[in-house]
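What follows is a set of notes on a single structure, which appears directly below.
The values are calculated or read from the model by the stated rules, or taken from the named source; none is laboratory data. Quick caveat: nothing in here was measured; it's all calculated off a predicted structure. We place every Cβ from the backbone using ideal geometry, glycine too, and count neighbours over all the protein chains shown.
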Amino acid sequence: MVKHLATRGISLPNFAYDFEIVKGECSLNDSSDGFILPLYLLEASFYLPLHPFFYVVLNDYGIAPGQLTGLSWWTLVAYFINCSKRYEPPFIGVFQYIYQLNFII
């Protein structure tokens, strides 16, 4: 039996998902309010694209995604989700001000 991951309740197109494991047999187009993704794709390092905000932050600091620690990603994502819930665009300047981050040369 192949396990699948299904998304529900997408609040930002292509970027914020609510996941659940689908039980039983299904095809990849069985979901009307999201999409179904086979779990073996995640095991093969499949990933969804980052929101442009994350690209801006990574580019501003000149680092690759793998160079951030888990807590750093958590902080970035928490700020992004907070902005999304308030229907405000995330800005790197506001993020840096809130978390008192400076660019060190």
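Worth pointing out:
- Checking each residue in the stretch 61-90 for being surrounded by 12 or more Cβ atoms within 10 Å (Cβ to Cβ), part of a helix (DSSP H, G or I) and more than 14 Å from the chain's Cα centre (by Cα) picks out only TYR61.
- Among the candidates TYR40, TYR17, TYR97, the residue that is surrounded by 11 or more Cβ atoms within 10 Å (Cβ to Cβ), at pLDDT 70 or above and not in a loop (DSSP other than H, G, I, E, B) is uniquely TYR40.
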